[in-house]
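Shown next, in structure tokens, is the structure this report addresses.
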Amino acid sequence: MPIKNYLGRSLFLPILFALTLFVSAFLLFWVELMVAKMILPFFGGSPAVWNTCLLFFQTILLLGYGYSHLTTKWLGTRRQTIIHIFTILIPLIFLPITFKRGDFSFLSAHPIIALLSLLTLSIGFPLLAISTTAPLAQKWFSETIHPASSDPYFLYTASSLGSLCGVICYPIFLEPNFSLTHQNQLWTIGYISLLLLTVGCGITLWQIENGDPGSKKSHHTSSFGLEKVTPNLPLKMQWLLLSFLPSSLLLGVTTYLTTDLAAIPLLWAIPLAIYLLTFTFTFAPKPLFSQEKLEKFLPVLLALLIALALLKIIEPLWLLLPLHLIGFFGIAMLFHGKLASSRPHPDYLTSFYFWIAFGGVLGGLFNAIAAPLLFTNILEYPLILGLSMLLIGVSKVGNQNAEVPLNEEMRLKSLLNGDYKNDLFSNPLVPNALIKIRRSLSLISSIILLACFLLTGFQVKNFNDNLTAILFIFGILLLLFYGFSLSRIRFITGLILMSLISQFYLPSMGKLLVTERSFFGVNRVLYNQKENYHSLFHGTTLHGRQSLDPERRDQPLTYFYPTGPIGQVFQSLDDSQPLLHIGVMGLGIGTLITYGKPEQSWTFYEIDESVERLARNPQYFSFLEDTKSPFSIILGDARLSIQKAADHYYNLLIMDAFSSDAIPTHLVTKEAIQLYLQKLSPQGLLAINISNRHLNLEPVLGGLAEDLSLSALSQLDLPISTAEKKLGKLPSHWVILTSDQKNFGKLINDSRWQVIEKDSQVSLWTDDFSNIFQILRIFKAGKSLKENKI
């Protein structure tokens with residue numbers, strides 16, 4: 001008995017439970033990133049795949065939290081431990097994780113359903129078992145006699161740290177050093193370790209005496225102030241909304257940064273790391289940041305961020321990128337801090353985490369599913385920023401809501417104890433009304449300035465066009481109003497702000513002709529009156545430009561200029577061999593077909609239906625309409641679609657499928673290149689546009705060429721003359737590959753084309769392994785192509 005009591009009160013107990021939480025969270029985020037990469041060659045590199053995966057992971061997390069809540073409620077903690085140990089043993093049947101190409105064929109016409117089905121069958125059970133650990137371990141710990149068990153929420157810090165380490169370690173350490181096969185094996189070992197730790201927690205809970213329930217209840221209340229009050233519906237709604245807003249902003253700021261600001265590889269990991277870090281800070285035993293200080297500066301910053309997003313200001317990057325990340329950090333800290341401060345008695349711990357997970361899922365659904373259908377631009381980001389402003393200064397104490405949580409008795413007690421700062425904000429002698437004004441001054445001034453700015457770009461005629469989106473946002477505003485008992489002034493202010501933001505229109509980057517949004521991003525057609533061009537932009541990256549001058553209307557521009565690398569390829573092949581069948585991965589505006597001839601057959605592979613609509617619309621672009629070459633457009637991921645083509649059919653394959661500087665790695669792996677060669681004739685050529693601001697793919701292709709015994713040439717067309725730049729030419733970087741160097745024709749003796757030498761520091765890319773860090777330009781010296789940025 002004394003040994004049990006010693007064990008229950010020793011430092012070993014919280015370390016055991018904290019380690020269990022850390023390992024579970026680490027494995028959870030590791031497997032999310034690993035599985036997303038494993039399925040890439042099967043479903044393609046579209047954002048829709050990652051959005052669907054993310055929605056699946058969030059849903060499984062919600063189910064795991066629901067399981068934790070219901071089983072502890074119905075069975076009790078001690079009996080539930082036995083059930084749970086069997087639950088975490090079942091997923092061993094599904095390990096290691098495997099995917100087979102045949103698995104995906106039965107629902108090829110419905111890729112989202114196929115993806116969700118295969119994720120459920122392959123990783124659903126292990127993921128569900130892991131997702132239950134965070135709430136269950138804390139609930140189990142709360143049933144022990146350890147002094148810290150009366151407030152087990154500090155263990156959530158260990159879970160958040162594990163998640164953060166998973167996000168950081170995967171791209172930096174695991175992905176660059178281990179193939180997917182080895183990652184899978186290591187993850188299986190990690191899961192077995194988690195199973196043993198969970199069993200250890202369960203056995204410890206059963207062995208330790210629980211002590212007197214009455215004394216434990218007293219300990220809970222007196223030490224930590226967590227009163228055993230049943231959470232009511234408004235409080236649960238608050239938990240949901242306080243988790244919904246940061247979750248939505250996580251995806252919103254990530255989409256905005258990687259689409260409109262800077263398509264930098266792995267940039268998505270920074271907001272996710274910040275999101276997890278705020279949980280670590282706010283659920284720590286001693287909060288590291290003052291909520292009051294955050295509420296002082298956040299309104300000004302949020303007003304500025306809304307203005308920057310709507311104005312589409314993207315320079316200077318060194319200033320704007322930190323500003324948006326700091327704003328997101330501040331909001332996540334504020335709302336997660338409110339969640340931490342509103343945590344209930346441990347008896348309601350699993351319910352608390354269930355509502356947090358529910359809010360996270362709703363945030364993911366809003367951004368991943370609803371927003372692309374409701375908004376033509378990335379409007380969800382400034383709208384959620386505006387909604388977040390309305391909650392600044394609104395606090396919650398227990399099950400009660402008040403804009404300023406001050407109590408005269410508390411203020412008097414604070415005065416007698418001398419526990420206050422000698423200033424207007426916190427001095428208990430200052431009247432409540434004056435404190436409210438002082439606290440709201442920053443918010444009021446920020447909203448007034450923001451409203452004045454929004455009025456300058458407000459257009460009433462857009463109201464009916466966005467009516468569905470406005471009603472959706474107003475629905476969220478109503479939930480905030482009732483959940484937090486907002487004042488009527490705040491509610492009316494919110495109505496005005498949401499209306500102004502959703503109808504704001506101030507074109508930039510030239511005259512905006514049309515905007516279309518899909519799962520693959522935002523496409524904009526712009527008119528440059530000075531140079532008389534129509535241009536197609538995906539985010540901040542130019543994907544095609546056509547002159548409106550009649551004499552230059554059929555001239556290929558930008559990266560496809562006649563004097564550029566791809567123009568040289570067409571000229572050389574026309575002189576040396578007939579080009580009857582040409583395949584192009586990536587449509588753009590159809591610029592390449594200007595090189596077409598009547599006897600040729602062209603096939604374009606394009607993943608985004610929106611791009612096809614814009615390219616075919618003669619109001620914007622006429623390359624496809626004016627061509628004399630027969631052509632077809634096949635929608636879908638290029639690598640998956642080209643598998644259906646006949647072997648040795650194409651004389652020339654051109655890859656121009658990189659959108660917004662993002663690299664679908666599955667298009668440039670050993671298996672992918674082998675597929676392209678299978679579709680090329682023996683004399684065929686593979687031309688790849690690797691023009692990129694942040695990544696240098698030349699050594700990757702050089703390594704693939706050596707491994708597959710191919711000949712490879714490269715040309716970086718930089719710099720270009722001032723005269724050609726005025727005519728619409730842009731710098732570009734191209735690589736051409738073939739099975740026999742004779743197929744290069746006269747290009748083999750062209751000094752502008754250089755033989756690619758293998759870089760021993762760059763690993764061979766396969767479907768099982770790729771390493772983005774080895775080719776990042778920030779780590780490698782070399783020229784980059786900045787001219788393609790707006």
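The values are calculated or read from the model by the stated rules, or taken from the named source; none is laboratory data. Values in this document were obtained by computation on a predicted structure and should not be read as measured data. All Cβ positions, even for glycine, are placed from backbone atoms using ideal geometry, and neighbour counts span all protein chains on display. Accessible surface areas use protein heavy atoms only, side chains included; no ligands, DNA or RNA. Shrake-Rupley method; radii C 1.70, N 1.55, O 1.52, S 1.80 Å.
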Net charge (Lys, Arg +1; Asp, Glu -1) of residues whose beta-carbon lies under 15 Å from that of ARG553, ARG553 excluded, is -3
q = 0.11, 0.18 Å⁻¹: log10 I(q)/I(0) that the Debye formula gives for the stretch 239-362, counting C-alpha atoms only | -0.40, -0.98
Cβ crowding within 10 Å averaged over residues, with 377-384, 15-22 ranked highest first | 377-384, 15-22
In this structure, the FRET efficiency calculated for PHE491 and ALA269 from their beta-carbon separation, with R0 = 41 Å, to the nearest 0.05, is 0.65
Cβ-Cβ FRET estimate between SER117 and GLN529, R0 fixed at 51 Å, reported to 0.05 | 0.50
Heads up, I need the accessible area for CYS169: 1.4 angstrom probe, whole protein in place, Å², nearest 10.
-> 50 Å²
In Å and from the alpha-carbon atoms only, list the Rg and Dmax of the stretch 529-650.
-> 14.5, 47
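Heavy atoms only, probe 1.4 angstrom, no DNA, RNA or ligands counted: give me LYS742, LYS236 ranked by accessible area, highest first.
The ranking, largest first, comes out as LYS742, LYS236.
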Probe 1.4 Å, all protein chains in place: accessible area of LEU716 in Å², nearest 10?
-> 70 Å²
So which of LYS236/LYS338; LYS679/LYS758; LYS236/LYS293; LYS729/LYS758 end up more than 21 Å apart, counting from Cα to Cα?
-> LYS679/LYS758; LYS236/LYS293; LYS729/LYS758
With every protein chain in place, what's the accessible area of THR468 (1.4 Å probe, Å², nearest 10)?
-> 100 Å²
